[in-house]
Ligand code: F6R
C-alpha cells in the first residue's frame, strides 16, 4: 500500500484528483468507481477545474458509483445520483448514460442488485475505485458484519452511519434505513483503489483499518489484501499512522 500524506484537505484533494486524472489521460475509455460523501467533494471540484481549463476529457469515461439509498430517486436532493450529477457529471463532458448508480427506486432488492452486478461485469470491471472511509470502517455501505459481503447487496444502515449521515437531512428520522451497495468482492476486484481520508476524526479508524487485523468488523481492513491501494490523507487523518 502506498500512503500519500498531504498537508491539508485541499492538498489531499489535488493529490487524489491527480491520480484520477492520470488514469483518464492514460486510458480515455477507463471505468472509474466513484464515491459520494464529503471527502471527495474537493476532488470533484478539482477535476471540474481541470476539465474547464481543457486539460481533461471525460467523453469516453464510464463511471460506476458505490451505492445509493433504497427509496430515493434521482430528483431527491439527498440521493447519491443527485449528488453525482450536481457535484461532477453536470459540469464535465461525460455521457450521462455511461454514469451508473444503483437504482434506488427499484423496490425489488434482488433485481436492483443483480442488474448492478451485471452492469459492472458488462463494463469490464473497474479500473480505479475511489473510496471514502466511514467512521466505523465502512466502505461503500458495507457495514461491520460477521463476514465480508460479496457483490452488490441491500444493507440496513447501522445506527452510527444513520447518525453520521443525518447532517445532510432535515432530521435523523428522514435518513433512509436501507441502501444498495457494491460489496467487498466487487470493490476488491477493482484494478486500483484510492482511499481518501481527511480530518482528525478519521485518525483512529485509519489506524485500525490499515494497521490492525483484517476483520469484517472493520470492513476497510480488507484493503490490506489488495495489491494496488493508495491511501491519500491529510495530516490530521494520518496522524496516528507511522508514515
Ligand atoms: C459514499 C460511501 C461512504 C463514504 C463514507 C465516508 O458513497 O460509500 O462509504 O465514503 O461514509 O464519508 P465522508 O467522506 O462523508 O466522511
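The values are calculated or read from the model by the stated rules, or taken from the named source; none is laboratory data. No experiment lies behind these values; they were computed from the predicted model shown. Counting neighbours? That spans all protein chains shown, and the Cβs are built from the backbone with ideal geometry, glycine included.
Yes/no per residue for (1) in a loop (DSSP other than H, G, I, E, B); (2) at negative phi; (3) surrounded by fewer than 18 Cβ atoms within 10 Å (Cβ to Cβ); (4) more than 11 Å from the ligand (Cβ to nearest atom):
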residue: 165; (1), (2), (3), (4): no, yes, no, no
residue: 173; (1), (2), (3), (4): no, yes, yes, yes
residue: 176; (1), (2), (3), (4): yes, yes, no, yes
residue: 209; (1), (2), (3), (4): no, yes, no, yes
residue: 223; (1), (2), (3), (4): no, yes, no, yes
residue: 230; (1), (2), (3), (4): no, yes, yes, yes
residue: 233; (1), (2), (3), (4): no, yes, no, yes
residue: 242; (1), (2), (3), (4): yes, yes, yes, yes
Could you check region 34-57 and list, in sequence order, the residues that are over 20 Å from residue 126 (Cα atoms), over 15 Å from the mean Cα position of the chain (by Cα) and part of a loop (DSSP other than H, G, I, E, B)? 53, 54, 55
Of all residues in region 164-173, which are within 17 Å of residue 72 (Cα to Cα) and touching a residue at least 24 places away in the same chain (Cβ under 8 Å)? 168, 169
Just wondering, is there one or more residues in region 87-95 that are under 24 Å from residue 178 (Cα atoms) and in contact with a strand residue (DSSP E or B) (Cβ under 8 Å, 6 or more places away or on another chain)? no
Do the conditions hold for residue 155, that is, is it in contact with a strand residue (DSSP E or B) (Cβ under 8 Å, 6 or more places away or on another chain) and buried (at least 24 other Cβ atoms within 10 Å of the Cβ)? no
Residue count, region 90-131 (criterion: more than 16 Å from residue 152 (Cβ to Cβ) and surrounded by fewer than 20 Cβ atoms within 10 Å (Cβ to Cβ)): 9
Region 14-33, residues that are touching a residue at least 40 places away in the same chain (Cβ under 8 Å) and either within 16 Å of the ligand (Cβ to nearest atom) or not in a loop (DSSP other than H, G, I, E, B) (or both): 15, 16, 19, 20, 23, 31, 32, 33
Per the filter on region 1-13, residues within 16 Å of the ligand (Cβ to nearest atom) and either part of a helix (DSSP H, G or I) or at pLDDT below 95 (or both) are 9, 10, 12, 13
